[in-house]
Amino acid sequence: MVGNSSVDVYFAQARSDGVLVVNGLPKFDLDTYISGYAGRTQIDRLIHISTHSPPLAIEGLKLALKLLKQTQDVPRFRLAWDLLRKLSPEDADVAQDDAWIEKTSRRVASDTERIEADLKSYKHNLIKESIRIGHEDLGNHLYASGDLVGAFKYYSRMRDFCTAPKHIVDMSMQAIKVCIEQGNYMTVQSHVVKIRNLTRGPDEEELLRPKLCVAMGLTQLAAGDFRAAARSFLDCPPTLLNTYNEVITANDVATYGGLCALASMERTQLKTEVLDNVEFRNFLELEPRMRKAITFFHTAKYSNCLSILEDSRNDFLLDIHLHRHVNRLFELIRSKGIVQYFIPFSCVTLSSMAQAFATDERTLEKELVVMIGKGALDARIDTKNRLLTAKETNLRAAVHRETLAVAQNYERLARMKLMRMNMVRSGLEVRGAKAPAGQVNTGIVHGQNSSWTGNSQRAERNWREFM
């Protein structure tokens, strides 16, 4: 399909508009990959892949249209059909199913009218539980119809009619799912915090904890806080399995958590908090490539680690949550590897370093210049001898600086203590009689106002002598 002229024209225009285009094929099989998800995220991921991968564009859109016909999301169906028509106008499957669109639109409108009428009658009867269920039913209906804004609005209105903590949890979990699809991660975070502050039983805690961990992890990943995201994914219990596959799978937890840990943790932490993490090990078993990459980085085999990650780059770029952060994550992992590699040496040749990181000297030199300029690497490049040398630290001067800082701090404290002694000697320390309970002793007001002027003059004279 790559040779299709319509596909080439579409993605050439997309590339000129600044859209990410992944020309290479990913490692995964599309049907197998998408079967791990459920609900709207299947459609969202297929459309994301189709709009970023020329080899999988038409196949992804056809699969999306097939899944959409099992739903009542007419706007999403029209979007996928318009994209397929642009990419393959002569395809036999491009013919729009007007009969399905009309029938589904009519059913959606009828159901919306019926549920709104039921909600109106519930409000008239003033029964809180019925009103809450009515809002939830309307929110679920709008969500299934593709109206995420309306669905979130009615889920939020449930809050005023919740009579038990479980109702608040249900409302917040629905809102979290919608907000993740909208990309509204600030609201996701507030709802996660709200649920965590509620009192829950052990069974409910076991069910909710994995979902809350991954929801918070996605929020922190979206914000670029890779260390916090790694902590959230590492804390996720293995009971997640496929209980939240309308948002994320266990394979995704391994991938997101592994990449964030590689980008933000030291080698010792990777061993103790990732590889030896009993709970997270269950996720890593699902992604052997990620486990190998982390193991190689921990054992200082940086070229092997980077090679595995580079082979999986296309997979990461086609992930709906990860694609914006792939380049930054790879940059952090590579920079950290270079820093860790250089720590034991005072001097290393660029050729041996380039070999260790599977690159050429010219590319490595440009990388090192950027890192040194940012202050990430405390070293200098000897371009004549093709060496990277560590900056020599003058230990004698460093000790002198530390000693001078201690002396200056001691002098400052001594001056402050002498100043306080002079203030006490000048009578500026106000000590009134202990006041009865309920009264405030104001010192100067109670008989000391007369000596205030003399004391002030005496303090000023003593201060001049002291200075």
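The values are calculated or read from the model by the stated rules, or taken from the named source; none is laboratory data. Just so it is clear, the model here is predicted, and its values are computed rather than measured. For neighbour counting, all protein chains shown are included, and Cβ atoms are generated from backbone atoms with ideal geometry for every residue, glycine included. In case anyone asks, the SASA skips ligands and DNA or RNA and just uses the protein heavy atoms, side chains included. Shrake-Rupley method; radii C 1.70, N 1.55, O 1.52, S 1.80 Å.
The table for this structure:
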quantity	calculated
Filtered residues of region 358-387 (kept if part of a loop (DSSP other than H, G, I, E, B) and under 28 Å from the mean Cα position of the chain (by Cα))	375, 376, 377
Residue satisfying condition, being open to solvent by 30 Å² or more (accessible area, probe 1.4 Å), of a type in the set (A, V, I, L, M, F, W, C) and part of a helix (DSSP H, G or I), within set 212, 218, 207, 198	207
Of all residues making up region 1-46, the number that are part of a loop (DSSP other than H, G, I, E, B) and of a type outside the set (Asp, Glu)	19
Long-range neighbours under 6 Å by Cβ, at least six apart or interchain, first residue touching a residue at least 12 places away in the same chain (Cβ under 8 Å) and more than 11 Å from residue 267 (Cβ to Cβ) within region 291-308, second open to solvent by less than 60 Å² (accessible area, probe 1.4 Å) and assigned to a loop (DSSP other than H, G, I, E, B)	303/357
Selected residue [modelled with pLDDT under 55, surrounded by 12 or more Cβ atoms within 10 Å (Cβ to Cβ) and over 54 Å from the mean Cα position of the chain (by Cα)] from 447, 443, 427, 432	443
Answer residue from region 169-179, given it is out of contact with any helix residue (DSSP H, G or I) (no Cβ under 6 Å at 6 or more places or on another chain) and buried (at least 18 other Cβ atoms within 10 Å of the Cβ) and is nearest to residue 45 (Cα to Cα) among those	177
Condition broken by residue 391, with the remaining ones in (1) modelled with pLDDT under 85; (2) open to solvent by 100 Å² or more (accessible area, probe 1.4 Å); (3) more than 35 Å from the chain's Cα centre (by Cα) satisfied	(2)
Yes/no for residue 339 being under 30 Å from residue 181 (Cβ atoms) and either out of contact with any strand residue (DSSP E or B) (no Cβ under 9 Å at 6 or more places or on another chain) or at pLDDT 90 or above (or both)	no
Verdict on residue 43 being outside the structural domain of residue 252 (by the TED database), of a type in the set (A, V, I, L, M, F, W, C), farther than 25 Å from residue 309 by Cβ and surrounded by 14 or more Cβ atoms within 10 Å (Cβ to Cβ)	yes
Selection count, region 217-262, where residues are within 16 Å of residue 329 (Cα to Cα) and over 16 Å from the mean Cα position of the chain (by Cα)	0
Single residue of 332, 350, 318 found to be touching a helix residue (DSSP H, G or I) at 6+ places or on another chain (Cβ under 6 Å), open to solvent by less than 40 Å² (accessible area, probe 1.4 Å) and within 23 Å of residue 52 (Cβ to Cβ)	318
Every residue from region 334-357 that is part of a loop (DSSP other than H, G, I, E, B) and in contact with a Ser or Thr (Cβ under 6 Å, 6 or more places away or on another chain)	357
